[in-house]
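Engineer: The structure is given below, and queries will be raised subsequently.
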Amino acid sequence: MTAGIVSWGVYIPYWRLQRSAIGASLGGPSGRGSRSVASYDEDTTTMGVEASRRALHVLDGPLPEDLFFSTPAPAYLDKTNATAIHGALELPGWAGAYDMVGSVRSSVGALRAAQAIAAGHRSMAVLSDLRTGLAGGSEERDSGDGAIAVVFGGPDDAVVADWVAHAGTTTEFLDRWRTPGETDSKVWEERFGQEVYVPLVNQAWADALKSAGVVATDVDHVAVVGLHARAVAAVRNSLGVRPEAVAKDRSATIGNLGAAEPGVALADLLERAEPGALLALVVVADGADVVLLRTTDAIGAARESRRTAGLADVADLVESGGGDLPYTRFLTWRGELVREPPRRPDPERPGAPATWRSTSWKGGFEASDCRACGFRHLPPARVCLRCRTIDEMDPVRLADVGGRVATFTIDRLAFSMSPPVIGAVVDFDGGGRYRCEMTDADPDAVAIGTRVEMSFRRLNTAKGVHNYFWKARPVDATGDVDDQGGKP
Amino acid sequence: MSSNGIRDRVAIVGMGCTPFGERWDKGVDDLLIDAAKEAIASAGVTLDDIDAFWLGTMTSGTSGVTLAKPLKIDYKPVTRVENFCATGSEAFRNACYAVASGAYDLAMAIGVEKLKDTGYSGLTGIRPVGDGTDAALSSPAAFSFVAPSYAERYGVDPEEMKQVMSRIAWKNHRNGAVNPRAQFRKEVSMETITKSPLVAGDLGVYDCSGVSDGSAAAIICRAEDAHRYTDHPLYVKALSFVAGPGGGPIDPDYDYTTFPEVVRSAADAYQQAGITDPRASLAMAEVHDCFTPTELVLMEDLGFSERGLGWKDVLAGTFDRDGELPVNPDGGLKSFGHPIGASGLRMLFECWLQLRQEAPPERQIATVAQGRTLGLTHNLGGSPGECVSFVSIVGPELSD
């Protein structure tokens with residue numbers, strides 16, 4: 001047997017843009033439904049961290065030792081983005097972290113690479129996308145933002161879905177493209193793409209089935225994904241599977257998640273399939289990829305532990321929806337509408353050496369506990385605030401520990417992409433207090449006692465340096481159920 | 001804590017203070033020259049008579065050259081100090097110690113800040129390069145934790161709390177209205193204050209001190225030499241400075257209703273000066289009213305009010321200019337703004353005028369005529385839970 005999936009984690013941002021809000025602002029027809037929107041303090045890296053945390057939250061045993069990060073919207077070029085995810089997850093120093101950036105199709109490459117490399121150790125693929133488009137366009141309206149992490153383990157691991165087969169076809173043609181620095185994708189005439197795609201998919205589909213020694217009607221669940229809506233719809237009708245096997249399209253409320261879509265669709269299949277079910281993932285992007293998987297008896301236990309941990313299924317996340325975003329705020333967050341800044345100095349860029357020295361704090365949100373008296377310090381300290389003992393500290397990761405708001409304030413003066421800033425004093429379960437920013441929160445709804453969890457965010461960007469750190473968010477903003485403390 | 005103090009060993013024999021405000025017409029050099037010129041004239045000395053200088057400024061210059069160059073100081077020691085919002089007081093404290101040690105006969109403490117030239121609203125600090133994890137809350141936000149915590153702890157209704165805060169702003173603006181050196185010289189109605197737009201938490205615009213430019217200076221000599229310069233010196237009774245461990249924001253036991261640094265520095269200063277009942281002993285106090293809830297809590301931390309009862313004293317007018325213990329009779333930071341390096345010396349300047357009964361009759365406090373002789377100044381630097389505190393006590397008479 002080959003390596004298979006052992007865990008997965010889905011992250012859909014809190015914010016929704018109602019498509020009707022676009023029409024209301026710009027005039028013209030109003031679309032129906034909504035799309036998911038990454039907050040002003042999120043990017044593909046932070047969403048990747050959030051998805052990965054959910055995947056690892058329910059995983060016992062060793063951490064993954066290879067990470068492949070795929071996104072068409074990387075926060076950095078030249079510099080690896082996967083290392084920020086590696087740092088936030090506190091993966092072992094010897095673990096690899098690689099970007100596969102640029103195209104939607106690289107997501108399949110990340111999944112295949114992670115699967116292929118998982119033998120003696122676990123590995124993970126993190127797929128993340130943040131899609132904008134021009135104001136009033138279909139890309140803006142129909143896309144969405146989100147991320148997914150899939151963890152693979154070898155045959156001896158607690159595999160929940162065996163990797164049965166993969167088949168693909170590739171051809172060079174112009175369907176969808178954009179040049180670096182642009183946010184709006186160009187698309188050739190849709191009927192042309194459909195004409196090219198359908199035979200490519202059919203070929204890969206036939207090859208995959210043949211390779212697995214099955215026929216189309218053996219497939220219990222199939223998801224067809226891609227940004228070419230017409231081709232995807234045509235493919236769905238051409239596979240020869242039982243009609244009830246075809247997964248529903250979820251883009252009505254969260255939009256098409258682009259590079260994250262293949263993973264999120266796969267997660268949805270895993271969350272619905274019975275043990276022993278044959279799953280098919282069909283990805284339509286610059287060619288076609290078909291992946292066949294078969295769930296194992298371990299899928300039931302995995303789903304149960306996800307429920308116990310409070311992780312929401314894709315189906316629930318799609319329905320849960322967060323705060324509705326005014327269209328003008330969406331445009332502001334995406335840099336399409338340039339607003340006058342406050343008359344305050346721009347944020348300073350964090351220093352590389354200071355950042356490197358504090359990786360465990362800035363990345364892993366690691367506090368320190370005094371061995372002598374137990375007092376918890378955030379950030380970690382060398383001298384104990386309570387008993388003054390020097391250099392007798394144990395590190396403790398608080399990134400995955402919940403807390404409650406002890407007190408808070410609304411700061412209308414501090415610099416923010418999205419004022420006002422909410423400053424909260426958070427008391428963590430099991431001890432420790434820290435003052436930080438709150439995010440994904442309605443200033444009028446925050447109260448003393450509000451339950452929060454930490455979320456990895458981009459505080460700001462100064463001189464081209466992204467300043468990543470943790471903020472608190474209300475637990476009810478996550479779509480997940482509060483588990484009163486999280487992973488110890 | 002233990003400190004020996006230098007009670008009655010040095011004296012202020014001259015002071016100067018520029019008008020505070022948006023001084024577009026004056027640069028840092030001009031403000032320093034104006035304050036220094038007034039101070040030496042007040043002491044009847046020349047710059048040449050002064051042996052050493054302490055300059056307090058946070059952002060308007062570095063090193064002693066910032067002062068030596070505009071004043072053309074002839075090869076003398078000039079020390080630039082910085083200690084957050086207590087910077088001006090810190091210049092004064094160090095100059096006093098230098099004179100008390102016998103190292104110099106005559107010293108000048110001078111503070112300056114030119115905040116308006118930055119083009120920004122609010123304070124702007126210079127931060128060392130860091131890892132970017134410091135929460136970027138503004139100063140008003142850091143102080144805005146105080147009022148709701150106080151109200152909850154002592155059962156003050158939120159509406160009443162707002163009245164207490166507004167009453168403090170109202171009082172300080174009323175005092176500043178008759179002070180020609182103040183930045184804001186207008187009374188402001190309770191209604192205007194209460195309804196002012198919110199800046200952070202419950203703090204409205206009128207709950208925050210302004211941003212201004214200014215400079216102030218003091219000339220210091222040994223107590224026994226004081227009468228060579230003036231018939232009415234002010235003797236230094238106490239100087240206390242405390243820096244806290246900065247643990248408030250991470251200490252679950254800290255509830256934002258007190259500034260422990262202030263409590264410690266006040267206790268030290270009272271011990272140095274031999275004061276047991278500050279409310280009854282002091283003629284006046286100039287305190288760090290950066291935000292209105294700060295002044296409220298200071299009334300308790302400085303021992304003027306019982307814990308949890310300061311708000312009642314505020315509403316009763318206890319700290320009004322004609323009240324039992326006038327607090328910020330010059331108008332405070334509320335009316336003067338807060339040019340960091342200058343504020344501590346500006347507070348001493350008000351003691352200089354009031355305790356020597358040189359304030360104009362329309363704003364002279366009555367407590368001095370009633371026989372009280374001591375004035376207190378207080379600076380707070382930083383934010384609740386992580387700050388420095390300075391307390392000085394001065395008076396025109398030598399103790400027995």
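Engineer: Across segment B:41-70, what is the number of residues that are over 16 Å from residue B:214 (Cβ atoms) and either out of contact with any Asp or Glu (no Cβ under 8 Å at 6 or more places or on another chain) or among the aromatic types (Phe, Trp, Tyr) (or both)?
Structural biologist: Final tally of qualifying residues: 17.
Engineer: If you scan segment A:55-78, which residues turn out to be surrounded by fewer than 24 Cβ atoms within 10 Å (Cβ to Cβ) and within 30 Å of residue A:331 (Cα to Cα)?
Structural biologist: A:72, A:73, A:74, A:75, A:76, A:77, A:78
The rows are residues; the columns are (1) among the acidic types (Asp, Glu); (2) buried (at least 20 other Cβ atoms within 10 Å of the Cβ); (3) under 25 Å from residue B:18 (Cα atoms).
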{"site": "B:301", "(1), (2), (3)": "yes, yes, no"}
{"site": "B:308", "(1), (2), (3)": "no, no, no"}
{"site": "B:317", "(1), (2), (3)": "no, no, no"}
{"site": "B:327", "(1), (2), (3)": "no, yes, yes"}
{"site": "B:343", "(1), (2), (3)": "no, yes, yes"}
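Engineer: Right, something else. Among the residues of segment B:371-399, which ones are in contact (Cβ under 8 Å) with a residue 40 or more places away in the chain, out of contact with any Pro (no Cβ under 9 Å at 6 or more places or on another chain) and part of a loop (DSSP other than H, G, I, E, B)?
Structural biologist: Hits for segment B:371-399 are B:372, B:397, B:398, B:399.
Engineer: A follow-up question, please. Condition check: assigned by TED's automatic domain parsing to the domain that holds residue A:143 and farther than 27 Å from residue A:251 by Cβ. Does residue A:44 satisfy that?
Structural biologist: no
Engineer: Determine which single condition residue A:33 fails, assuming it passes every other condition in (1) modelled with pLDDT under 95; (2) closer than 18 Å to residue A:359 by Cα.
Structural biologist: So the condition that residue A:33 fails would be (2).
Engineer: Something else now. Take the residues in segment B:178-224 that are among the acidic types (Asp, Glu) and surrounded by 19 or more Cβ atoms within 10 Å (Cβ to Cβ); name whichever of them is nearest to the chain's Cα centre (by Cα).
Structural biologist: If we take residues in segment B:178-224 being among the acidic types (Asp, Glu) and surrounded by 19 or more Cβ atoms within 10 Å (Cβ to Cβ), then B:213 is nearest to the chain's Cα centre (by Cα).
Engineer: Return the pair list, or none, for Cβ contacts closer than 7 Å from residues in segment B:240-264 that are touching a residue at least 60 places away in the same chain (Cβ under 8 Å) and more than 9 Å from every other protein chain (Cβ to nearest Cβ) to residues that are in a helix (DSSP H, G or I) and among the polar types (S, T, N, Q), at least 6 apart or on different chains.
Structural biologist: Pairs that qualify, where the first residue is touching a residue at least 60 places away in the same chain (Cβ under 8 Å) and more than 9 Å from every other protein chain (Cβ to nearest Cβ) and the partner is in a helix (DSSP H, G or I) and among the polar types (S, T, N, Q), are B:240/B:265; B:240/B:272; B:241/B:265; B:242/B:265; B:257/B:149.
Engineer: Check residue A:374 against each of (1) over 30 Å from residue A:444 (Cβ atoms); (2) touching a Pro at 6+ places or on another chain (Cβ under 8 Å); (3) without any contact (Cβ under 8 Å) to a residue 60 or more places away in the chain and name the one condition it does not meet.
Structural biologist: Residue A:374 satisfies all of (1) over 30 Å from residue A:444 (Cβ atoms); (2) touching a Pro at 6+ places or on another chain (Cβ under 8 Å); (3) without any contact (Cβ under 8 Å) to a residue 60 or more places away in the chain except (2).
Engineer: Additional query: In segment A:341-352, is there at least one residue being modelled with pLDDT of 95 or more, assigned to a helix (DSSP H, G or I) and within 12 Å of another protein chain (Cβ to nearest Cβ)?
Structural biologist: Within segment A:341-352, one or more residues are modelled with pLDDT of 95 or more, assigned to a helix (DSSP H, G or I) and within 12 Å of another protein chain (Cβ to nearest Cβ).
Engineer: State all residues of segment B:366-400 that are among the β-branched types (Val, Ile, Thr), closer than 30 Å to residue B:84 by Cα and out of contact with any Gly (no Cβ under 6 Å at 6 or more places or on another chain); if no residue qualifies, say none.
Structural biologist: Matches in segment B:366-400: B:377, B:391, B:393.
Engineer: From the list B:319, B:291, B:304, which one is of a type in the set (A, V, I, L, M, F, W, C), within 19 Å of the chain's Cα centre (by Cα) and within 14 Å of chain A (Cβ to nearest Cβ)?
Structural biologist: Going through B:319, B:291, B:304 in turn, just one is of a type in the set (A, V, I, L, M, F, W, C), within 19 Å of the chain's Cα centre (by Cα) and within 14 Å of chain A (Cβ to nearest Cβ): B:291.
Engineer: Residues A:51, A:38, A:21: which one is farther than 18 Å from residue A:475 by Cβ and surrounded by 23 or more Cβ atoms within 10 Å (Cβ to Cβ)?
Structural biologist: On inspection, the qualifying residue turns out to be A:38.
Engineer: Suppose we filter B:161, B:108 for residues that are of a type outside the set (Lys, Arg) and assigned by TED's automatic domain parsing to the domain that holds residue B:265; which single one remains?
Structural biologist: Sole residue among the options that is of a type outside the set (Lys, Arg) and assigned by TED's automatic domain parsing to the domain that holds residue B:265: B:161.
Engineer: Which residue is nearest to the other protein chains (Cβ to nearest Cβ), if the candidates are limited to segment A:423-449 and must be of a type in the set (Val, Ile, Thr) and over 11 Å from residue B:251 (Cα atoms)?
Structural biologist: Among them, the one singled out is A:448.
Engineer: Mind checking whether some residue in segment A:387-394 is touching a residue at least 24 places away in the same chain (Cβ under 8 Å), more than 14 Å from every other protein chain (Cβ to nearest Cβ) and not in a loop (DSSP other than H, G, I, E, B)?
Structural biologist: Yes.
The values are calculated or read from the model by the stated rules, or taken from the named source; none is laboratory data. Model, not experiment: these values are computed from the prediction. FYI the Cβ positions are ideal-geometry reconstructions off the backbone, even for glycines, and counts take in every protein chain you see.
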